[in-house]
Amino acid sequence: MKKKIIIILIAIVVLIQFYPMEKPTVTIDNPNDLLVTSKVPENISKLLKNACYDCHSNESIFPWYSNVAPVKWMLYDHISEAREELNFSNWNSLETDDKADILDDISSMVLEGEMPIKGYTILHSEANLSEADRELIATWADEMLDLIYE
């Protein structure tokens with residue numbers, strides 16, 4: 001009986017690999033990207049790349065496990081939702097008020113520890129932000145917000 005259950009479970013795991021799921025597109029050349037169109041200090045740029053860009057840009061890097069269901073379903077869905085909320089690759093095409101809202105959200109979410117999400121930092125240690133890093137990002141976002149309305 002145990003053998004039969006194991007065989008069925010293995011068959012299910014194999015079969016779900018064939019369920020179609022559209023992988024979020026990856027584009028390295030993004031002329032509207034925040035880091036291309038705005039003067040972002042190098043230290044902030046590095047923090048954003050390490051902690052935000054995998055989910056919040058068109059420059060996602062997909063590890064090997066992103067091709068294995070059901071992990072890929074969760075990952076692809078998460079990245080698609082994250083890009084809907086904020087996609088740094090489309091920064092220059094956003095309206096001023098939208099940029100202002102996003103910068104305000106970045107500041108508060110990073111300071112409050114809501115971003116990057118815990119599940120991401122567990123697998124990506126380079127995305128762990130210290131309190132000083134969080135303060136730097138929040139200060140930069142607040143300064144960018146001030147510049148938008150000058």
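Kindly establish whether D97 is within 29 Å of L147 (Cβ to Cβ) and out of contact with any helix residue (DSSP H, G or I) (no Cβ under 7 Å at 6 or more places or on another chain). Criteria met by D97. Of the residues making up the stretch 50-84, those that are among the charged types (D, E, K, R) and surrounded by 13 or more Cβ atoms within 10 Å (Cβ to Cβ) are D54, E59, K72, R83.
Taken as a whole, the structure leaves Y53 outside the set of residues that are of a type in the set (F, W, Y) and closer than 30 Å to A11 by Cβ. Summed over the stretch 44-87, the residues that are of a type in the set (G, A, S), part of a loop (DSSP other than H, G, I, E, B) and either in contact with a Pro (Cβ under 7 Å, 6 or more places away or on another chain) or within 13 Å of Y120 (Cα to Cα) (or both) give a count of 1.
Of all residues in the stretch 20-29, count the ones that are surrounded by 14 or more Cβ atoms within 10 Å (Cβ to Cβ) and in contact (Cβ under 8 Å) with a residue 60 or more places away in the chain. The number of residues fulfilling the criteria is 0. Provide a single number: the residues in the stretch 40-65 that are hydroxyl-bearing (S, T, Y) and touching a residue at least 12 places away in the same chain (Cβ under 8 Å). The total comes to 3.
Every number here is computed from the coordinates shown, using simple stated rules; none is lab data. From a predicted model like this one, the values you see are computed outputs, not experimental measurements. Please note: Cβ atoms are built from the backbone with ideal geometry, for glycine as well, and neighbour counts cover all protein chains shown.
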